[in-house]
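J.: Structure below; questions to follow.
The values are calculated or read from the model by the stated rules, or taken from the named source; none is laboratory data. Note that the coordinates shown come from a computational prediction; the quantities given were computed from them, not determined experimentally. No Cβ is skipped: glycine too gets one built from the backbone with ideal geometry, and neighbour counts run over all protein chains shown.
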Amino acid sequence: MAISASALPHAHAESHAHHDHEAELRREHLMLDPKPRGEMNAMVMESMTTTSWKFWVVAGILALIVAVALFGAWGYMISEGLYLSGKNRPGYWSLFLVHTVFWVGISHAGTFVSALLRVFKVEFRRPFTRAAELMTTFALAQAGIQIFAHMGRVWLAYWMFPIPNQRQLWVNFQSPLMWDFLAINTYLLASTMYLFLPLIPDLAMARDRSTGWRKSVYRILALGFRGTEAEWTHLRIALNIFAFAILPVMFSVHTIVSWDFAVAMRPGWSSTIFGPYFVIGALQSGVAAVGMVVIVIRYTMKHMDYFIRKEHFDAIGKLMLVISMGWAYFFFNDYMIQWYGGDSFTDALLHFHEAGPGGWIWFMMLITNVAIPWLVLWNRAWRRNPVILFSVGLLINVGMWAERYIIVPVSLQINRMPFLWGQDFRPGIEVPIFIGTVAFFILLYMLASRFLPLVPVWEVQEGQMAHSIRKYGKEPVVTVAELE
Amino acid sequence: MTEKNLLLAIFEDIDPAAHAVDKLRELGVTDEHVTVISGTPITEAMLGRKPQWSNVTRFALGGAFVGLCVGIFLAYGTPQLYPIVVNARWIGVPPTIVVMFELTMLLMLISTFLGVFLDSRFPNYTPTEYVPEISDGRIALLIECGGELEAAVEAAMKSIGAESVKRAQAEAL
């Protein structure tokens, strides 16, 4: 064995000690069940290169959906005009903004799982940090598509850049929409760099183990990485800086998204708690999406059953439960203060939320975001069940979509000018465009899984080096060393 | 001038590699002439070596400062160039904090990223001393020693448990 935790000499000897507690610990925890590095490398490489015809059929169908539902519908909207969308008085922002917030929310998972858990040295994160980081980059790309689609004349997007232009105007940096532009772009660039840096050693591993066109591409992407002490030192320092610095950026992004609404003096929007409420909502949808992705990877990719285990479902399920409680807390805070305020327009809006034509959506939001996670995720056996955990994750994301739907088009129906009140919002071409972005997100992920090592092998091995089992009396106890 | 040779000693585990570093010192090969290469981060402390110098933090701080300056320019400078008078005053301070924060963080992180490239001399596609076994978990010591020491170093490395000791050759990665 290569660099092994020397306290684990019997890693694969559990067959003769099936009922032993120590063997049970090793089966349960990836960090206590090391394999030789070469074997882990081979498993990850094989998971990337083993592709069945079913994979390409699914990819082809998704590509078709992207071509028709996303680019086809978007192109048709550009040629015909934004009237094809649900934008109309008083629902000026329609579903494009719902979907922007939805995708930005999903994107928070990567940073949360990777950076926050790295900062706090939470060990179960190691095998799926990259899977989560990929979600961030791909989800932000979908959010960007929604923003560009909402612009209508997308070829004038460069007006958002602070460059002198033919209008003889500079952009107004006191506008929340401009802050959004800065924050989302900062987050996109930062999370892409944060994805790439820890990928370099794995790309070097892939370079060393591949041939043909793959070797040529990995060779370029690995940048000549060898693994010298100096290279690791620079990488470690940079990853620490990123992990700490990207967290406030993550919080700022969804806080600023919330300010798009909260700075307006509108009933339902003008709330001082909207910032943290949006952040916890983003984590709610993002972590649920991470759970779904991890389950799909575990059951569709070769050898992933070694890297992703029930302990990871359990940990993600616990996170989902805690975040659901946090979301409920902030939702109730937001609701309570508005309800207590006595403002007649706000009262009308709250009544409209619950008893208007979309009232069922409001109740569905509470059921899927609070009732179902609380009823299900307290149970260890259910958290570890992939079907149940996937279903709860999916329902949470439906619920979080509903929350954004209530905040944007539903809340826009009731304002401070009753002659402009609406009753019902009718979605338009945003629906196929959204379906197209969902397909695009899955397609990008599938293609990335064929090309990028989804498991950061060096991080897994580093974690395995740090873990060992010690005996206190007769009780085997897991211990973790501080290697940095 | 004494002839200098490059030897590549491959170890399977970290303990013999750490002993090898000590042994090399005894033979008169200083730390500056030994490069440790591994597929998993091994801290200097594990091998009893001096911490590596890195400028990444300095790049990050420099980038943060430049970002703050750019943020100040965008938030306070551009309204002076193209004034839009809002609410009888030119610039409200709180919104400028958002702009300055985002630009500071953006430039800091970009500088950190570029700092890794500059400090590590990435990208580097020239042939170099390396063996693919390293990414499979082996630890390599790249030893620069005088020709008269070569035999002694090779014998010492093998006695400590090196899998192989050979003349290092630069090869395309």
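J.: Residues in the stretch A:402-432 that are among the small types (Gly, Ala, Ser) and part of a helix (DSSP H, G or I): how many?
T.: Within the stretch A:402-432, residues that are among the small types (Gly, Ala, Ser) and part of a helix (DSSP H, G or I) number 2.
J.: If residue B:114 meets every condition in (1) touching a helix residue (DSSP H, G or I) at 6+ places or on another chain (Cβ under 8 Å); (2) in the same structural domain as residue B:167 (by TED's automatic domain parsing); (3) surrounded by fewer than 19 Cβ atoms within 10 Å (Cβ to Cβ) apart from one, which number is that one?
T.: With (1) touching a helix residue (DSSP H, G or I) at 6+ places or on another chain (Cβ under 8 Å); (2) in the same structural domain as residue B:167 (by TED's automatic domain parsing); (3) surrounded by fewer than 19 Cβ atoms within 10 Å (Cβ to Cβ) applied to residue B:114, the lone miss is (2).
J.: Quick check: is even one residue across the stretch B:83-95 surrounded by 15 or more Cβ atoms within 10 Å (Cβ to Cβ), more than 29 Å from residue B:34 (Cβ to Cβ), without any contact (Cβ under 8 Å) to a residue 40 or more places away in the chain and more than 7 Å from chain A (Cβ to nearest Cβ)?
T.: There is at least one residue in the stretch B:83-95 that is surrounded by 15 or more Cβ atoms within 10 Å (Cβ to Cβ), more than 29 Å from residue B:34 (Cβ to Cβ), without any contact (Cβ under 8 Å) to a residue 40 or more places away in the chain and more than 7 Å from chain A (Cβ to nearest Cβ).
J.: Also, I was wondering about something else. Quick one: would you say residue A:329 is over 20 Å from the mean Cα position of the chain (by Cα), part of a helix (DSSP H, G or I) and within 30 Å of residue A:126 (Cα to Cα)?
T.: Taking the combined requirement at face value, the residue satisfies it.
J.: Please verify whether the stretch A:222-238 includes one or more residues that are basic (Lys, Arg), more than 28 Å from the chain's Cα centre (by Cα) and closer than 19 Å to residue A:449 by Cα.
T.: no
J.: Could you list, in sequence order, the residues of the stretch B:38-65 that are facing chain A (nearest Cβ under 7 Å) and in a helix (DSSP H, G or I)?
T.: Residues satisfying the conditions are B:44, B:56, B:57, B:60.
J.: To continue, here is another question. Taking the stated definitions as given, is residue B:146 over 28 Å from residue B:46 (Cβ atoms) and modelled with pLDDT under 90?
T.: No: the conditions fail for residue B:146.
J.: Something else: Just give me the residues in the stretch A:394-451 being over 18 Å from the mean Cα position of the chain (by Cα) and of a type in the set (D, E, K, R), in sequence order.
T.: A:416, A:424, A:426, A:430, A:450
J.: Test of understanding: among A:337, A:396, A:388, which residue is among the aliphatic types (A, V, I, L, M), surrounded by 15 or more Cβ atoms within 10 Å (Cβ to Cβ) and in contact (Cβ under 8 Å) with a residue 40 or more places away in the chain?
T.: It is A:396.
J.: Right, another one. Could you please let me know if residue A:62 is at pLDDT 95 or above and either assigned to a helix (DSSP H, G or I) or within 14 Å of chain B (Cβ to nearest Cβ) (or both)?
T.: yes
J.: Also: Restricting attention to the stretch B:27-52, report how many residues are in contact with a helix residue (DSSP H, G or I) (Cβ under 8 Å, 6 or more places away or on another chain) and without any contact (Cβ under 8 Å) to a residue 60 or more places away in the chain.
T.: 10
J.: Could you count how many residues in the stretch B:136-173 are surrounded by fewer than 16 Cβ atoms within 10 Å (Cβ to Cβ), over 25 Å from residue B:126 (Cβ atoms) and touching a Pro at 6+ places or on another chain (Cβ under 8 Å)?
T.: 1
J.: Would you be able to say whether some residue in the stretch B:40-47 is of a type in the set (Ser, Thr, Tyr), more than 14 Å from the chain's Cα centre (by Cα) and farther than 26 Å from residue B:105 by Cβ?
T.: no
J.: Take the residues of the stretch A:463-480 that are at pLDDT 85 or above and not in a strand (DSSP E or B): which is surrounded by the most Cβ atoms within 10 Å (Cβ to Cβ)?
T.: Here the residue is A:464.
J.: Next question, about the same structure. Among the residues that make up the stretch A:120-131, is at least one of them among the basic types (Lys, Arg), modelled with pLDDT under 90 and surrounded by fewer than 17 Cβ atoms within 10 Å (Cβ to Cβ)?
T.: yes
J.: I've got another one for you. Is it fair to say residue B:73 is modelled with pLDDT under 95 and either in contact with a strand residue (DSSP E or B) (Cβ under 7 Å, 6 or more places away or on another chain) or surrounded by fewer than 19 Cβ atoms within 10 Å (Cβ to Cβ) (or both)?
T.: Taking the combined requirement at face value, the residue satisfies it.
J.: Go through the stretch A:172-231 and give me each residue that's more than 7 Å from every other protein chain (Cβ to nearest Cβ), out of contact with any Leu (no Cβ under 8 Å at 6 or more places or on another chain) and not in a helix (DSSP H, G or I).
T.: Correct list: A:175, A:210, A:211.
J.: Give the residues of the stretch A:340-366 that are farther than 21 Å from residue A:415 by Cβ and either touching an Asp or Glu at 6+ places or on another chain (Cβ under 9 Å) or surrounded by 15 or more Cβ atoms within 10 Å (Cβ to Cβ) (or both), sorted by residue number.
T.: Of everything in the stretch A:340-366, those that are farther than 21 Å from residue A:415 by Cβ and either touching an Asp or Glu at 6+ places or on another chain (Cβ under 9 Å) or surrounded by 15 or more Cβ atoms within 10 Å (Cβ to Cβ) (or both) turn out to be A:363, A:364, A:365, A:366.
J.: Of the numbered conditions (1) of a type in the set (Gly, Ala, Ser); (2) at pLDDT 95 or above; (3) surrounded by fewer than 24 Cβ atoms within 10 Å (Cβ to Cβ), residue A:222 satisfies every one except a single condition; which is it?
T.: (3)
J.: Please enumerate the residues belonging to the stretch A:22-37 that are buried (at least 18 other Cβ atoms within 10 Å of the Cβ) and over 26 Å from residue A:384 (Cα atoms).
T.: A:37
J.: Any chance the stretch B:25-36 includes a residue that's closer than 19 Å to residue A:238 by Cα, under 14 Å from the mean Cα position of the chain (by Cα), facing chain A (nearest Cβ under 9 Å) and buried (at least 18 other Cβ atoms within 10 Å of the Cβ)?
T.: No, every residue in the stretch B:25-36 fails to be closer than 19 Å to residue A:238 by Cα, under 14 Å from the mean Cα position of the chain (by Cα), facing chain A (nearest Cβ under 9 Å) and buried (at least 18 other Cβ atoms within 10 Å of the Cβ).
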